[in-house]
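Note sheet for the following structure.
The values are calculated or read from the model by the stated rules, or taken from the named source; none is laboratory data. Everything numeric here is computed off the predicted structure, so don't read it as measured data. Glycine also receives a Cβ, built like all others from the backbone with ideal geometry; neighbour counts cover every protein chain displayed.
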Amino acid sequence: MKLFNWYFKSNLLTRILLGLILGAVCGIVFGPKIVWVHPFGEIFIRLLKMIVLPVIVFTLTVGAASVHPSQLGRVGVKALLIYMITTAFAVSLGLLFGNIFQPGEGMKITAVATKAAATIKVSSPSLIDTLINVVPKNPYGAIAEGKILPVIFYCLLFGIGLAYVRNSEDERIRKSGETLFRFFDGSAEVIYLVVQWVLQYAPIGVFALIAEVFGKQGAEAFGPLGLTTLAVYLAFMAHMLVVYGGGLAIFRINPVAFFSKAKEAIVTAFVTRSSGGTLPVSMEVAETRMGISKGVFSFSLPLGATINMDGTAIYQGVCAIFVGFAIGAPLTFPQQLTIIATAVLASIGTAGVPGAGAIMLMMVLDSVGLKVESGTPVAMAYAMIFGIDALLDMGRTACNVTGDLAVTCIVAKTEKQMDISCWQKEKRPAGQLAGSGILRKADPGL
Ligand code: ASP
């Protein structure tokens, strides 16, 4: 009973961090035997996935319906542009760290197929298809299948339509628009409450997920691939501090306050390895912690979770360098330039789900003539990285989600869609995300 009381009364973030540390320790101590915790982690992932689509549908519709369409267009273009620029920085930084650390140097893989390399049979989707698929043939089918980009596209159109209907000259139409808006607004509030409940389970889920990863892969990542892991993680940190920290500072947003507000989302991303799965938490953070208007975050966060993958771009830069060195053919300068272009494009096509970046890495390698075909040295080097993908994925997802939030802050600040009072002092005790309410002040309405 005491434990029960402590669990629900203590600070959420402290509990999550405790779960993280305990999970890592138990994973390393018990090794693969810890796999029995799997169902607890799986339940956490399922709970998050369960709320992702409702969060997007209700929040985005309310957000789009609350903002003037012309302003929404500006927000969209701005967010897209900054997403692309930060990603280009990210992959360059990945290449820089790869060149400094030279992971894979001296390995000279020339052997034939390993078991792992022979079993890789995944292929990356084409970029054009990804773009065309943004327009859903059946929006309700897209919602049912959890396809985020088509859902964003449809909800955005629906929300803009609702904005016009709410402001119609005809009283009957205006009233029905208002009723519909209230329905979506009420549903969004309910789903935020559900997010709070799901978060209460987070410490247990985090423990299980981390224990499993460390139990299975901990030792390998500290072994021969240690240098790659180190280079990738240092590049993540440099990117978060220099690019996001610097970018936020330029727009007069306190980077220290930003990271303190963003930490729940960053930790959730780290353990779930899914930008999409973290969306409910990042939206909650953006609204209640950062005071960002729904009109901005309801659009820019789901978009970012789908197309903005800075961590993934960094990982692709370092890993491409690794593969080059590992097969004894270090990448030339023109090859590295090609990597910058393809990694930016690949990041758009990378889904915000665990492991997606590793699949897109094949497309990036392919662009410089390094084909992952079973039995080749490239496939062997690729298989080595694939082996520790979960560990690399944790960091890159944390970086991806931090980027989504940082860009959303910058867009909101420059569009005057941020409640500045949230940044002057913490309104609530850390680790407890309350329901919304701050925002209505920031919502401009029509
Ligand atoms: N897991 C990453 C994310 O959800 C994508 C990746 O695998 O790089 O952001």
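So, in the stretch 255-292, exactly how many residues are among the hydroxyl-bearing types (Ser, Thr, Tyr), farther than 16 Å from GLN196 by Cα and surrounded by 22 or more Cβ atoms within 10 Å (Cβ to Cβ)? Full working, then the answer.
Step one: list which residues in the stretch 255-292 are among the hydroxyl-bearing types (Ser, Thr, Tyr), which gives 260, 268, 272, 274-275, 278, 282, 288.
Imposing the further condition that a residue be farther than 16 Å from GLN196 by Cα reduces the set to 260, 272, 274-275.
Now drop any that are not surrounded by 22 or more Cβ atoms within 10 Å (Cβ to Cβ), which leaves 272, 274-275.
Adding up the residues that qualify gives 3.
When you scan the stretch 308-414 for helices (runs of 4 or more DSSP H) that lie fully inside it, which ones turn up with 3 or more residues that are away from the ligand (no atom under 14 Å from the Cβ) and over 20 Å from LEU234 (Cα atoms)?
Working: elements: 310-326, 333-349, 356-367, 377-387, 389-414.
Answer list for the stretch 308-414: 333-349, 356-367, 377-387, 389-414.
In the stretch 92-138, what residues are over 20 Å from ALA329 (Cα atoms), modelled with pLDDT of 70 or more and within 23 Å of the chain's Cα centre (by Cα)?
LEU93, ILE128, ASP129, LEU131, ILE132, ASN133, VAL134, VAL135, PRO136
Would you list the helices (runs of 4 or more DSSP H) that sit entirely within the stretch 155-269 and hold 1 or more residues that are out of contact with any strand residue (DSSP E or B) (no Cβ under 8 Å at 6 or more places or on another chain) and farther than 18 Å from THR402 by Cα? Walk me through it before giving the result.
Working: elements: 171-222, 226-238, 246-250.
Counting at least 1 such residues, we get 171-222, 226-238.
Of the residues that sit in the stretch 4-51 and are farther than 17 Å from GLY205 by Cα and hydrophobic (A, V, I, L, M, F, W, C), which one is modelled with the lowest pLDDT?
Among those residues, the one meeting the criterion is TRP6.
How many residues are closer than 25 Å to ALA351 by Cβ and modelled with pLDDT of 95 or more when one looks only at the stretch 248-264?
Residues of the stretch 248-264 that are closer than 25 Å to ALA351 by Cβ, as a first pass: 262-264.
Now drop any that are not modelled with pLDDT of 95 or more, which leaves 262.
Summing the residues that are closer than 25 Å to ALA351 by Cβ and modelled with pLDDT of 95 or more in the stretch 248-264 gives 1.
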